[in-house]
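The values are calculated or read from the model by the stated rules, or taken from the named source; none is laboratory data. No experiment lies behind these values; they were computed from the predicted model shown. No Cβ is skipped: glycine too gets one built from the backbone with ideal geometry, and neighbour counts run over all protein chains shown. All accessible areas refer to the heavy atoms of the entire protein, side chains included, with ligands and DNA or RNA removed. Shrake-Rupley method; radii C 1.70, N 1.55, O 1.52, S 1.80 Å.
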Amino acid sequence: MMPSLLGKLADPVACRPLSLADDGAALCAEDGARYPIVNGIPRFVLTADAGQTQTREAFGFKWKKRETYDSPAAKRTAAHWYLEKYGFSSLDEWAAWFDTHESVVDVGSGSGFSSSLWLESPRWTGRAMWVGVDISEAIDVAQERLANIANTHFVQGDALQLPFRDGAFGAMFSEGVLHHTPSTRDALVSAVRVLASGGEANFYVYKKKGPVREFTDDYVREQIASLSDEEAWDAMRSLTELGRVLAEAHASVTLNVDVPLLGIKSGTHDIQRLIYWNFAKLFWNPALDFEENVHINFDWYRPRYAHRQTEEQVRAWCEEAGLGVTRLHDSEAGYTVRAVKR
């Protein structure tokens, strides 16, 4: 483990400094607690929350299935969406922006997929330290994928008990993670704690949908709760097939009035997207193969924690955390925020 990383780490309980054990196999807290270092990765997962444990296992399972998200098509699709949300013109521009910071923490990095889109740009020089932290075993996949990139580091830890000192990082990135904890608000406050004054937070969280979609989301999540991750993945195949069939119908309807009771706006709607946004998430993108589409539906329905929030909540949490919002991108899917810590 590099000394530069040790200087940023802290006991996740007391937020006090850690020291390296004489045998190099653990980090030691002042109260005697030991946190193991396994395969070069410090491990700090302490949660006893059953919902968080299920969510951790689901994402560990998902990110190990590299064949369902690591294709050029999947990366192009994600990059297009991310650049629009975060307000950058290219991956090179995004990489150069992050590289201007002394250090960047990716909170809930998973396999490092989201960060990899800009870390693999030639504009990333490695001047900045990138630290990926994830609660699941996906952090080992991140190490496999990204350890060859300059100045990348990997930590297993909980977003609600981040094992870093206060103000340790110049930038924070968290793409679609904070809502997969017991409290989106608490996870944001935790992430901002490790951000330096004047540092910028970049994060995306889910948006609350219409009443029928909200009901269906929770209903499906409950129906697959007792299944194994493999069984839940298989259950997503029928939802994915329904999404495919609806998309390939190439049918649309025109509504002349809003339907406020269901949260539906007037206008012409593709049938698949009308159902997708208002009744059930049946994701289908023809640019991806079938299992890549299953991956995205599994990502939505499998985690026990997948909170959806309003813009008012997001803005209030930013204010509470001491963030000044500089950009809030509002899409049907969620809110993407760039904000500076005061």
### Task
Test residue 61 against the stated conditions and say whether it is under 16 Å from the mean Cα position of the chain (by Cα) and aromatic (Phe, Trp, Tyr).
yes
### Query
Which residue, of 143, 156, is modelled with pLDDT of 95 or more and surrounded by fewer than 24 Cβ atoms within 10 Å (Cβ to Cβ)?
143
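Take the residues in the range 257-279 that are part of a helix (DSSP H, G or I) and in contact (Cβ under 8 Å) with a residue 24 or more places away in the chain; name whichever of them is surrounded by the most Cβ atoms within 10 Å (Cβ to Cβ). Quick ask: steps written out before the conclusion?
Residues of the range 257-279 part of a helix (DSSP H, G or I): 271-278.
Next cut, in contact (Cβ under 8 Å) with a residue 24 or more places away in the chain only: 271-272, 275-278.
Details: 271: 14, 272: 22, 275: 19, 276: 20, 277: 18, 278: 20.
Residue satisfying both the conditions and the ranking: 272.
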### Query
Which of the residues belonging to the range 280-298 are farther than 16 Å from residue 217 by Cα and either in a loop (DSSP other than H, G, I, E, B) or in contact with an Asp or Glu (Cβ under 6 Å, 6 or more places away or on another chain) (or both)?
284, 285, 286, 287, 288, 289
### Summary
By residue number, the members of the range 226-236 that are more than 21 Å from the chain's Cα centre (by Cα) and either surrounded by 15 or more Cβ atoms within 10 Å (Cβ to Cβ) or small (Gly, Ala, Ser) (or both) are 226, 228, 235
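Would you say residue 314 is closer than 27 Å to residue 166 by Cα, open to solvent by less than 20 Å² (accessible area, probe 1.4 Å), touching a strand residue (DSSP E or B) at 6+ places or on another chain (Cβ under 6 Å) and assigned to a helix (DSSP H, G or I)?
Details: closer than 27 Å to residue 166 by Cα: yes; open to solvent by less than 20 Å² (accessible area, probe 1.4 Å): yes; touching a strand residue (DSSP E or B) at 6+ places or on another chain (Cβ under 6 Å): yes; assigned to a helix (DSSP H, G or I): yes.
Answer is yes for this residue.
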### Residues that are assigned to a strand (DSSP E or B), surrounded by fewer than 17 Cβ atoms within 10 Å (Cβ to Cβ) and touching a helix residue (DSSP H, G or I) at 6+ places or on another chain (Cβ under 6 Å), drawn from the range 317-342
325, 329
### Query
Among (1) outside any loop (DSSP other than H, G, I, E, B); (2) in contact (Cβ under 8 Å) with a residue 24 or more places away in the chain; (3) open to solvent by 40 Å² or more (accessible area, probe 1.4 Å), which single condition is residue 221 missing?
(3)
### Query
Filtering the range 62-84 down to residues that are hydroxyl-bearing (Ser, Thr, Tyr) and assigned to a helix (DSSP H, G or I), which residue is surrounded by the most Cβ atoms within 10 Å (Cβ to Cβ)?
68
### Task
Go through the range 24-61 and count every residue that is closer than 20 Å to residue 159 by Cβ, open to solvent by 60 Å² or more (accessible area, probe 1.4 Å) and part of a loop (DSSP other than H, G, I, E, B).
2
### Message
It is to be established whether one or more residues within the range 229-240 are of a type in the set (D, E, K, R), in contact (Cβ under 8 Å) with a residue 60 or more places away in the chain and closer than 19 Å to residue 217 by Cα.
### Response
yes
### Summary
Pairs returned, first residue in the range 166-179 that is under 9 Å from residue 192 (Cα atoms), second residue that is open to solvent by less than 10 Å² (accessible area, probe 1.4 Å) and not in a loop (DSSP other than H, G, I, E, B), beta-carbon separation under 6 angstrom, 6 or more apart or interchain, are 172/105; 172/191; 172/195; 172/201
